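Structure first, commentary second.
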Amino acid sequence: MNITEYWRSNKQWSKYLGKKAKVLAVSLMEVAASDQTALLPYSYLLLDLEKSKISLMGAAHQRNFTFL
Amino acid sequence: MNIKVIGNYIGKFAELWEQSLTDLIKEGVEGVLADAQIDPKSIDAIFVANKASGSFNNQRHLGALVSEQFAHFPPAMRIEGACASGGLAMLAAEQALLSGVYKTVLVLGVEKMTDVSGSETAAILATAASREKEYGSTFPALYAILANYHMNKYGTTREQLSSVVVKNHLHAFDNPKAQFHKKFTLEDVANSAMVASPLRLLDCSPISDGVAAVILSSKPSSRKAKILGFGHGQDTLALADRQDLGRLAATEKAAKQAFLMAKLSQTDIQVAEVHDCFSIAEILAVEDLGFFAKGKAAAAIAKGKATYGGQIVINPSGGLKACGHPVGATGVKQIAFLANLIEKGKFERVLAHNVGGSGATAAVNILGI
């Protein structure tokens, strides 16, 4: 993702702060594209916010995580 | 419809470090012309399937690069639809022939992927996902989401995913052009390195270089393989916008159109090349194409119903998984491989299924005698 894409996306992400969502599916990533390898391992999640769904990275967590 | 496949050629799929993008194009053009045994001047137009030569090889404008292989410079255009580029180039060529503007056209698919590093390749391939909505995703990640959903909803198991891989690698032994001729066990797949859970290294199709080409013609020909029907489906680019993660609606739409045009049903099809970029992708494909009921394909494949002697033969070439997946070439390779099976008299009703992205685009072709 280049800097302009990051700036446009970051404006949107703030609206999800504090929201609760249902995890529809999740994958723990062990291999990533070149611009994300420094963040490995990270989770890639698909979340249901009731009125909409979003996909997110869950970075900087421990390997043995669980979702409640 | 009167369109026949009058020539087919598949180059070796592999890491072809000795060959450039242009070398592959030349090989494809010469190979398919030799098979068709026609005057090169009879090619009225060219449709080139390629996903990302601008990124992999710093070379765009592929239409001109293929056209200049001919003395008469036929009109040429490049078609891009991610991994479905080959299937879409087929559809564009078929529509051009049906319009009557052209009588004989070349469809050439090519991708030269191994000149960049693995992580660069992953980044280039990920550009087929939604850049605004799927940050952090890779293709394995998106199909891992689909796999997790399928496993939770239908009870699909690790062993069943592995059975797709084992089957397709066995099939590839009969295909000399396949990238891999190596037998794997269920345990090999289950113990391979994790890429994006639950998908492991051996669940994933490889990075490949390769070329494939077919010549289609509406002129009378003694060749056997005929296009009976085709279809094209689209869905949302981002998984988050999908209505149902348990199916690929684009595949369902494309299949419905193709079967309607061909006036055939699923039980008429003897063999299919389907888009198994990941093990879960084959399971989704054969369900969405209607060969197996939703939620039942994984068990059926594990029980041997998708190989010789079963209900239908799925991916006799080895599929993307074992034959290889030079992205732009894949959809054309499926047609070339199936047309060759028909020419040899092995099958009479066959289907090709090519998917772009994580299911946003799908192309289906049905061939027969």
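Read-outs: derived from the displayed coordinates by stated rules, not from any lab. Note that the coordinates shown come from a computational prediction; the quantities given were computed from them, not determined experimentally. Cβ sites come from the backbone with ideal geometry, for glycine too, and all protein chains shown count toward neighbours.
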| remark: Residue-ordered couplings for the range B:198-208, obtained by feeding phi - 60° into the Karplus form 6.51 cos²θ - 1.76 cosθ + 1.60 and rounding to whole Hz (Gly and Pro as x), are x, 7, 9, 3, 7, 7, 9, 5, x, 7, 9
| Can you pull out the trypsin sites (Lys or Arg not before Pro) in the range A:1-47 that DSSP calls coil and that have at most 16 other Cβ atoms within 10 Å? | A:Lys19, A:Lys20
| What is the antiparallel percent of DSSP beta bridges lying wholly in the protein assembly as shown, to the nearest 5? | 75
| Choice from B:Ala213, B:Ala302, B:Ala240 with maximal GNM fluctuation in chain B (Cα, 10 Å cutoff) | B:Ala240
| note | Rounded to the nearest 10, the angle in degrees between the Cα long axis of helix B:279-288 and the longest principal axis of the Cα atoms of chain B comes to 70
| request: Quantify how much of the Cα-Cα distance distribution of the protein assembly as shown extends past 31 Å, in percent. | output: 36
| In units of 2.2 N^0.38 Å, what is the alpha-carbon radius of gyration of the range B:95-221? | 1.37
| Equivalent-ellipsoid semi-axes (√(5λ), Cα gyration tensor) for the range B:240-334, whole Å, largest first? | 18, 17, 16
| remark: Across all Cα atoms of the range B:1-43, Rg and the largest Cα-Cα distance (Dmax), in Å, are 12.6, 41
| said: What aspartates and glutamates does A:Lys20 reach when the alpha-carbon gap must be under 14 Å and sequence neighbours fewer than 8 apart in one chain are set aside? | reply: A:Asp48, A:Glu50
| message | Using only Cα atoms and rounding to the nearest 10 degrees, what angle (0 to 90) does helix B:139-154 make with the longest principal axis of chain B? | response | 50
| For B:Lys263 and B:Lys12 in one chain, what is 0.36 nm times their gap in residues minus the Cα-Cα distance, to one decimal in nm? | 86.9 nm
| query | Once both axes come from the Cα atoms, what is the angle between helix B:158-172 and the longest principal axis of chain B, in degrees from 0 to 90, rounded to 10? | reply | 30
| request: Name the most mobile residue of B:His150, B:His61, B:His353, meaning the one with the largest mean-square fluctuation, in a Gaussian network model of chain B with Cα contacts below 10 Å. | output: B:His61
| query | On average, how much area does the Cα convex hull of the range B:156-306 cover when viewed from any direction, in nm²? | reply | 11.0
| Theoretical gain in end-to-end length, B:Lys103 to B:Ala64 [0.36 nm per residue, Cα-Cα removed] | 12.0 nm
| Within chain B, what is the longest stretch that has no chymotrypsin sites (Phe, Trp or Tyr not before Pro) placed in a DSSP loop and near at most 13 other beta-carbon atoms within 10 Å? | B:18-307
| Given the range B:16-110, what whole percent of its Cα pairs are spread farther than 20 Å? | 33
| message | Counting only pairs 8 or more residues apart or on different chains, how many lysine pairs in the range B:217-369 have their Cα atoms under 14 Å apart? | response | 6
